[in-house]
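The structure under discussion appears below in the form of structure tokens.
Values in this text are rule-based calculations from the coordinates and carry no lab data. None of these values were measured; they are calculated from a predicted model. Note: ideal-geometry Cβ built from the backbone for every residue, glycine included; neighbour counts use all protein chains shown.
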Amino acid sequence: MKNSKVSNVSPKFHLNFKQYSRKSYAAYSSMHKIIRIGTLLYVCTIINNASAVLAQTDTIYLPKVIDIEEVEIVGQKSPVLLTEIPRLVTVLSKNESESAASQSIQDLLRYSSTIDIRQRGKGGIQTDISIRGGSFDHSLVLLNGISISDPQTGHLTMILPVETEAISRVEILSGPAARVHGANAFSGAIHFVTCPSDTNSVNLTASAGSYGYANTSLTLNLGSQKIRHLIHYAFGHSSGYTCNTDYDKYNVFYQAQVHLQENSIDLQIGHANRAFGANGFYTPALPEQYEQNQMSFASISYKTGGTIKITPGIYWRRHRDRFEYFREGKNWYRFENGICISNDSVKTSRNRVEWYSQHNHHINNVVGAQLTLSVPSKIGITTLDWHARNESILSNTIGHDNGTKVPVKGYPDTYYTKTDSRQNSDIHFEQTLTFRKLYLAGGMLFNWNSYLPEELHVFPGIDMSLEIVKSLFLTASYNYTLGLPTFTDLTYEDIDNEGSLELLPYTKHSIEGGLRFVLGKNISIVNFFYEQGHDVIDWVWFEDIFKFKATNIDDYMSRGIEVSSTHDFSKTGRNFPVQYISLNYTFVDMKKEIPGEVIKYFNVRHKFSAMIRHKIIKHLVAAWNVSYTDRMGSYLEYDFDNSLYTPVDFKPYWLFDLRVSYFLKEFTFFCEATNLFDKKYIDTGSIYQPGRWLSLGIKYKFTRF
């Protein structure tokens, strides 16, 4: 392509597609900051450009030529055209994260109506995710295409080694995805993508605010067209918005991409640390809980170019955590002769706890390997994928007693005495077919796992997209999916919870369909779904044992509607005040047949979210985020005087967030307020979330080196 003339308004990009020359790719010229239709092809330079345009509207930019080798989506294995995408995927770009009032990636996800975020505290220290009413164990989480879901419990899955500043985009796939991603993509998948740049840059961010909040990050890009490095460090702290809600956290992440002509190597290494007061996190009867999590992760993959693509890769994930029912420390509790004793009886809820003699300690390890083969032909693309994964745990409360004792580092006379492990192997087959205005992607998953070693399970699925008239598409899907119990589901036991070794893997049939309208940079979607599950796991309260117990539920039904409409006005004109509007609504109707009244896994019934970004004056921009959440079910409150649990229905609530940003060359100054009207609300358990939270910050980006 020939370079265009220099523009004094905004940068222009030319896209050169390697290996695929179909004219349908011209549709990608309509890409913009948020795409609510699934695509992994969201070119990082385009995203960065959107932010640059917002920051410096009067700067003259030179055009760039971008080579795009292939198009992949989180909803399927094979590359796909924008106009043919059959699944509903919400893509949150870097520009949206920089405009939203969010202190973490987890905060940012609240602005999507297709996902229900249940936070136990601020700063993303622990977050449960739910898609279409599923539990926190039902959604798969990926980082640059690698699964980082935790086999111990879904409570730990969202502990990531990166923060918002290093993320290029977040993709949320609504609906089952076992055919594509294997076991535990039961209700959907979330994919976090980082993208090293070929342009050197240093990004510094610092902010501070209410409740002793402080946050800093450094993101460094070093590279060229052949070798690119991304280095990221982030630190966060808060003294807590109420008693025992303080936290400290840090992340370290490194990613390298080496381009060898048409081939490439991708290496990533990360570590995350979280230490926080967990006031009533797992039971309201124990307000002095405390937790520390450490997650380490590494992967390397190789991708060949040319017509036939082969992608081998290996990865490793390790998670170590310590959970304290009674927080140990100067102002909390101490151990004497195997008995937990208060250091300050005025401040603590108990003076002496004789049944508690040591904390919970766990280490789980995941090792995996995968190999993907993709072959294009005249009718479409054929993809074959193999994925093997081994999961193990070493603990003093989870697993089986094998007669061995492994010392817990840093805790004398404390030992790991229990272990468990399992193996899982998947073979994915997928075939795409394009015929005029019809696009099909179908295939199946062949699954073997050590729970049922003598059985091979098959999970088919097919997705379809048809252009009815220009810019209007009909989509439809059927998928059969699989979920596996976690180690916690199987063997964990404490004073309030009891796992079960009788649990079985669970399955679900899902059908969905809808309409998608795409006109320029404006996209509107309406999607209906119906899901029927069998043996789905829930934790049910049983009065006879006075505990929650993990149970397979025979009948599980979920149905609903998802509606979204996004309108990008950034190119309308320099004086047009409104830059972006997004409106989203999700309704979920779920029915379960359970042997009790109170369950742990509740679902959102109505969720509405809206965002508007507009100019105030030159270089001064405001972004408003409004959300409404109405959940089904109830949670338990604890009566300390009578030692009784009382069920309380969830109450619906509105939240209003605001962020105001001022752009001055390389600097961005911002102030933000979350929960602007100081609403009192609960996301999960009986844990009240913080009220109005104010913060100020500054960002600096340096590229001239």
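Values for this structure:
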| quantity | calculated |
| --- | --- |
| Expected 222 nm ellipticity per residue - DSSP helices of 4 or more, -39500 (n - 2.57), all of the chain, to 500 | -1000 deg cm²/dmol |
| With Cα atoms, 0 to 90° folded angle of helix 44-55 axis to the chain main axis | 90 degrees |
| Order by protection proxy (mean Cβ within 10 Å, highest first), peptides 582-595, 636-649 | 582-595, 636-649 |
| For the chain, the spread of Cα positions along each principal axis, largest first, Å | 79, 59, 44 |
| Relative exposure of W693, W624, W654, W355, judged by other C-beta atoms within 10 Å (fewest first) | W355, W654, W624, W693 |
| Centroid-to-centroid separation of segment 610-674 and segment 414-431 [C-alpha atoms, Å] | 37 Å |
| Taking the chain and dividing mean pair separation by its residue count, relative contact order in percent (alpha carbons under 8 Å, at least six apart) | 11 percent |
| Amide proton proximity set for V598, modelled H, under 5 Å, gap of 5+ | W541 |
| Inter-site label distance for L694 and F656 at 7 Å from Cα along Cβ, in nm | 1.6 nm |
| Cα-based radius of gyration of segment 131-250 once divided by 2.2 N^0.38 Å, which approximates compact folds | 1.26 |
| Given K347/K679; K378/K437; K571/K618; K330/K409; K303/K701, the pairs whose alpha carbons are separated by over 23 Å | K347/K679; K303/K701 |
| Local electrostatic count, K409, Cβ distance below 14 Å [Lys/Arg +1, Asp/Glu -1] | +2 |
| Equivalent ellipsoid semi-axes - Cα gyration tensor, segment 576-644, angstrom | 41, 18, 5 |
| Estimated vicinal HN-Hα couplings, Hz - segment 431-441 in sequence order (Karplus 6.51, -1.76, 1.60; Gly, Pro = x) | 10, 9, 9, 10, 9, 6, 9, 9, 10, 10, 9 |
| Percent RCO, i.e. relative contact order, over segment 78-237, from Cα pairs under 8 Å lying at least 6 residues apart | 18 percent |
| Isotropic mean projected area of the C-alpha convex hull, segment 322-414 (nm²) | 10.8 nm² |
| ³J(HN,Hα), Karplus 6.51/-1.76/1.60, whole Hz, each residue of segment 333-341, x for Gly, Pro | 10, 9, 10, 9, 6, x, 10, 8, 10 |
| Dimensionless Rg ratio for segment 314-353, taking C-alpha atoms and the 2.2 N^0.38 Å reference | 1.69 |
| HN-Hα J in Hz across segment 535-552 - Karplus 6.51, -1.76, 1.60, θ = phi - 60°, x for Gly and Pro | 6, 5, 7, 9, 9, 10, 7, 10, 5, 5, 10, 6, 8, 7, 10, 5, 9, 7 |
| For S643, net neighbour charge (Lys/Arg +1, Asp/Glu -1) across residues whose Cβ lies under 14 Å away | -3 |
| Sequence-distant residues sharing a close amide H with D683 (under 5 Å, placed H) | Q689 |
| Within the chain: Cβ-based charge dipole about Cα centre, in debye rounded to nearest 20 (Lys, Arg +1; Asp, Glu -1) | 3600 debye |
| Cα-based Kirkwood hydrodynamic radius, segment 125-200, one decimal, Å | 12.9 Å |
| Sequence ranges 284-292, 368-376, ranked by mean other-Cβ count within 10 angstrom, highest first | 284-292, 368-376 |
| Of every Cα-Cα pair in segment 392-537, the percent that sits beyond 25 Å | 53 percent |
| Label-to-label distance, nm, for residues given as Y411 and Y681 (7 Å Cα→Cβ offset) | 3.6 nm |
| Radius 12 Å from Cβ of Q358, net charge of other residues (Lys, Arg +1; Asp, Glu -1) | -2 |
| Mean Cβ count within 10 Å, highest first, over the residues of peptides 522-532, 410-420 | 522-532, 410-420 |
| Amide H partners (placed H, <5 Å) of Y241, local residues excluded | none |
